[in-house]
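Worksheet: the structure to be examined is printed underneath.
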Amino acid sequence: MLELCGATKVYRKNGRTIRAADGLSCTVKPGDFLVIHGPSGSGKSTLLLMAGGMLPPDSGEVRFGGEDVYRWSPSRRNRYRREHVGFVFQRFFLIPHITVFDNIRLRYALRGSSRKAAGGIAELTRRLGIEERLGHYPGELSVGEQQRVAVARALAGSPEIVLADEPTGNLDPENAGIIIECLREEARQGRSVVMVTHNHAYLGVGSGELRLVAGRAAELAGAGEHGR
């Protein structure tokens with residue numbers, strides 16, 4: 001189970017204090033699909049980065065399995081990210097000089113499960129409609145295809161936590177729907193899924209919603225109040 005408990009993150013820029021996260025608390029259980037929304041600059045990406053073990057809060061805690069992730073050693077926190085978290089970044093961060101297959105396979109290799117890679121990659125890319133792009137390089141793909149490769153890489157190896165930052169941002173409605181259904185299926189399989197979106201059309205796709213305004217939770221709808 002993933003928990004944020006009063007997590008606060010403050011930035012200072014040009015003499016201004018910006019509270020990107022202001023005492024945020026939420027719980028995402030196995031099988032939950034939490035949709036986070038709010039205006040630009042409201043702290044959505046900050047919340048995901050803290051949850052993913054990549055950005056320590058200035059105060060408060062991020063807990064996984066009841067333990068504070070940021071009290072762990074750096075090596076244990078690296079293991080948390082590698083073994084338990086799949087992250088879909090807005091900028092994709094695909095490696096340009098290796099193929100789509102190898103970009104996704106890298107995730108298996110980091111988790112020490114390379115022998116399972118071929119079957120898992122075939123299934124993931126089929127679900128996402130990019131199975132015919134496995135031998136291509138990222139620069140040979142459309143932006144939407146690159147986005148789907150990034151989603152496939154995050155889901156590779158079935159991590160317990162899936163954190164997706166605007167995973168439908170560059171997609172047409174049909175392909176966005178494919179990704180949404182993919183994330184819903186991950187939740188049905190018992191993963192904890194958190195998705196950030198600007199698109200109000202997707203607010204009801206999960207099992208709960210969290211609206212952020214200026215780093216604070218403005219509205220929280222609990223699991224089960226939205227159709228899965």
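Read-outs throughout are calculated quantities, based only on the coordinates presented, and are distinct from any laboratory measurement. The structure displayed is predicted, hence computed values, not measured ones. Please note: Cβ atoms are built from the backbone with ideal geometry, for glycine as well, and neighbour counts cover all protein chains shown.
The table for this structure:
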quantity	calculated
Rounded to 5, percent antiparallel among DSSP beta bridges of the chain	55 percent
For segment 15-105: Kirkwood Rh in Å [reciprocal of mean 1/r, alpha carbons]	15.3 Å
About the Cα centre, charge dipole magnitude for segment 32-173 (Lys/Arg +1, Asp/Glu -1 at Cβ), debye	540 debye
Alpha carbon convex hull of segment 1-65, volume per residue in cubic angstrom	79 Å³
For the chain: lysine pairs under 30 Å (alpha-carbon distance), excluding those fewer than 8 apart on one chain	5
Projected-area mean, segment 140-183, by convex hull of Cα positions, square nanometres	3.1 nm²
Relative contact order (%) - segment 125-228, alpha-carbon pairs under 8 angstrom, separation at least six	21 percent
Rounded D (µm²/s) - the chain, Kirkwood Rh over Cα pairs, Stokes-Einstein at 4 °C, 1.567 mPa s	73 µm²/s
Difference of contour (0.36 nm per residue) and Cα-Cα distance, Y70 to V10	20.0 nm
